[in-house]
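See structure below.
The values are calculated or read from the model by the stated rules, or taken from the named source; none is laboratory data. None of the values given here were measured: they were computed from a predicted structure. Here Cβ is always computed from backbone atoms with ideal geometry, including for glycine, and neighbour counts include all displayed protein chains.
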Amino acid sequence: MEPEINIPLYAPLEIGKYIVYNVKNLSHDNFKESTDTTYFQIRETIESDFIDNAGNKVYKTLVETSKDSGSNWIFLRYATLQRDNYSYQRVEDDIRKVKLSFPFKELKSWDANQMNTLPSQKAKITNLDQSYTISRDLVFSNTVIIDLGNEVDPFFQNVESEVYAAGIGLIERKLIDVETQPGKYKDGNEYIQTYLQSNW
C-alpha cells in the first residue's frame, strides 16, 4: 500500500500557525443598479488543540478580520479543524463541513455536507498536484482545486471552489452567486478570498 502523503501536505495542522487572506466582496444590486465593493482581511490562527468526546484531536482556530490592512484585528469567531486518514473537516457556526476526502484521486467526489443537515453539496477534486498562481509574485507549485459547484448559463452563475496548497492549506476560496436578467443589472454576490501571507 502506498503511503498517503497528501494527507498532511494539503491539510497541515500545527499550533501557532496562521494564514492571512485578502478578501474582495462584490454585492450587486439590480434595484439600485450598482455594485458595492468591499475589501478586508481575514486572519486564521491555530490557538490550541483538545481531544473531543469521540477521541479525536481537534484544533481550535481563531478567526479575525481587519479593515485597515492588519493594523487592528477584530474577533469574528472560533472554528475547529480536524484531520484523520479519511477526511479533513472544519466546523464553523456549528456547521461541520468535509473539506477534503482522503486518499486523493483526480475527479474523486464526496458530499461536503454529509455531516450536517444542509442539502447535499458535491465536492470534486480537480487539478491535483498542479501549480496555481495567485499573483505574479505568488505561485504555488503543488495544489489541488476542490470544485464545489460550477453552474453557469446566460442568466445565472453559481460557482464555488477552494484551492489548497501543499504545506500550507487553503490558499483561495471563491463563491459566486449572481443572476443577470436580460436588460437588467446583475444581482447577487461575489466573494473572493486569497492567500496573502503565513508562517507556514
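Residues in region 159-200 that are among the acidic types (D, E) and closer than 20 Å to I146 by Cα: E160, E162, E172, D177, E190. With (1) assigned to a strand (DSSP E or B); (2) modelled with pLDDT of 95 or more; (3) in contact with an Asp or Glu (Cβ under 7 Å, 6 or more places away or on another chain) as the list, and S120 as the residue in question, which single condition is left unmet? Exception for S120: condition (1).
Report yes if D147 is among the charged types (D, E, K, R), at positive phi and touching a Ser or Thr at 6+ places or on another chain (Cβ under 8 Å), otherwise no. It is false that D147 is among the charged types (D, E, K, R), at positive phi and touching a Ser or Thr at 6+ places or on another chain (Cβ under 8 Å).
Looking across region 30-61, just one residue is among the acidic types (D, E) and more than 24 Å from the chain's Cα centre (by Cα), and that is E33.
Here region 62-90 is the region considered, the condition is being within 19 Å of Q197 (Cβ to Cβ) and hydroxyl-bearing (S, T, Y), and the residue that is farthest from the chain's Cα centre (by Cα) is S71. Which residue pairs have Cβ atoms under 6 Å apart, sit 6 or more places apart or on different chains, and have a first residue in region 108-135 that is without any contact (Cβ under 8 Å) to a residue 12 or more places away in the chain and a second that is outside any loop (DSSP other than H, G, I, E, B) and among the aliphatic types (A, V, I, L, M)? The qualifying pairs are T133/V139.
Among the criteria (1) touching a helix residue (DSSP H, G or I) at 6+ places or on another chain (Cβ under 6 Å); (2) modelled with pLDDT under 95; (3) not basic (K, R), the one Y164 does not fulfil is (2). For D29, the conditions (1) charged (D, E, K, R); (2) out of contact with any Asp or Glu (no Cβ under 7 Å at 6 or more places or on another chain); (3) at pLDDT below 95; (4) surrounded by 11 or more Cβ atoms within 10 Å (Cβ to Cβ) all hold with the exception of (2). Any residue in region 48-58 that is touching a residue at least 40 places away in the same chain (Cβ under 8 Å), surrounded by fewer than 12 Cβ atoms within 10 Å (Cβ to Cβ) and either over 24 Å from T126 (Cα atoms) or among the basic types (K, R) (or both)? No, that holds for no residue.
Here's the yes/no breakdown for (1) of a type in the set (S, T, N, Q); (2) crowded, with 17+ Cβ neighbours inside 10 Å; (3) assigned to a loop (DSSP other than H, G, I, E, B):
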| residue | (1), (2), (3) |
| --- | --- |
| N72 | yes, no, yes |
| Q82 | yes, yes, no |
| N85 | yes, no, yes |
| R90 | no, yes, no |
| E106 | no, no, yes |
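Just give me the residues in region 80-104 being touching a residue at least 12 places away in the same chain (Cβ under 8 Å) and charged (D, E, K, R), in sequence order. Once the filter is applied, which keeps residues that are touching a residue at least 12 places away in the same chain (Cβ under 8 Å) and charged (D, E, K, R), region 80-104 yields R83, D84, E92, D93, R96, K97, K99. Scanning region 155-184 for residues that are surrounded by fewer than 19 Cβ atoms within 10 Å (Cβ to Cβ), under 12 Å from the mean Cα position of the chain (by Cα) and not basic (K, R) yields S161, L175. Of all the listed residues (L148, L128), the sole one being at pLDDT 95 or above and either under 18 Å from the mean Cα position of the chain (by Cα) or surrounded by fewer than 17 Cβ atoms within 10 Å (Cβ to Cβ) (or both) is L148. Across region 54-69, a minimum of one residue is classified as more than 23 Å from N113 (Cα to Cα), assigned to a loop (DSSP other than H, G, I, E, B) and of a type in the set (D, E).
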